[in-house]
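Q: My questions all concern the structure below.
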Amino acid sequence: MLLFLNFLKKQKTETTPEKAKTAALKQVAVRKGEIGEYKIDIQLDQLPKDCRFLSDLLIKNPRAKSGYSQIDHVVLTPYGIFVIETKNYQGTIYGGKDRKTWSVNGKFKMMSPFVQTMGILKHYRP
């Protein structure tokens, strides 16, 4: 009987202020990233007529958690194909091409754009 009564009790959901703040910051970060990518789209629209670009591409990547990787921009020119990873941060960014993680203002850690892009491209190399 006790087990049955425990089952009927309304379960408390653990929504701490810290969890709510983290969720809100993730939403802000996603929106900031979208704004940064949009700003780059505006700049890419000004490329010469013999250049083309694609934005926000999803490609299959079996090594990614979702099964896909997202590429912010690919620019096709007579001189080559360029892949652009866009970041929209303000402040000082600390990192280097050989470091897996970088930091913004010495606080927020992010994956190195070099590591991120090369991880996607290595999968498609012949």
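The values are calculated or read from the model by the stated rules, or taken from the named source; none is laboratory data. A quick note: this is a predicted structure, and the numbers were derived from the prediction, not measured. FYI the Cβ positions are ideal-geometry reconstructions off the backbone, even for glycines, and counts take in every protein chain you see. The area values use the complete protein model at the heavy-atom level, side chains included, leaving out ligands, DNA and RNA. Shrake-Rupley method; radii C 1.70, N 1.55, O 1.52, S 1.80 Å.
Q: Inside the stretch 20-32, can you point out the residues that are of a type in the set (K, R), surrounded by fewer than 12 Cβ atoms within 10 Å (Cβ to Cβ) and at pLDDT 60 or above?
A: Across the stretch 20-32, the qualifying residue is only R31.
Q: What number goes with the only condition from (1) farther than 23 Å from K122 by Cα; (2) under 15 Å from the mean Cα position of the chain (by Cα) that I71 does not pass?
A: Condition not satisfied by I71: (1).
Q: Output the number of the condition that G119 fails; it satisfies all remaining conditions of (1) in contact with a Pro (Cβ under 7 Å, 6 or more places away or on another chain); (2) open to solvent by less than 50 Å² (accessible area, probe 1.4 Å).
A: Every listed condition holds for G119 apart from (1).
Q: While we're looking at this one, here's another question. Quick one: in the stretch 33-57, which of the residues that are of a type in the set (S, T, N, Q) and over 30 Å from G67 (Cβ atoms) is surrounded by the most Cβ atoms within 10 Å (Cβ to Cβ)?
A: Going through the qualifying residues, I end up with Q43.
Q: Going by the structure shown, is Y79 among the hydroxyl-bearing types (S, T, Y), touching a strand residue (DSSP E or B) at 6+ places or on another chain (Cβ under 8 Å), at pLDDT 85 or above and open to solvent by 90 Å² or more (accessible area, probe 1.4 Å)?
A: Here the answer is no, as Y79 does not meet what is asked.
Q: Assess whether I93 counts as being out of contact with any Cys (no Cβ under 9 Å at 6 or more places or on another chain), modelled with pLDDT of 90 or more and among the β-branched types (V, I, T).
A: no
Q: While we're looking at this one, here's another question. For a quick check of your reading of the model, give me the residue pairs whose first member lies in the stretch 104-123 and is farther than 14 Å from A64 by Cα, whose second is among the acidic types (D, E), with beta-carbon atoms closer than 8 Å and at least 6 apart or on different chains.
A: Every condition considered, the pairs that remain are P113/E85.
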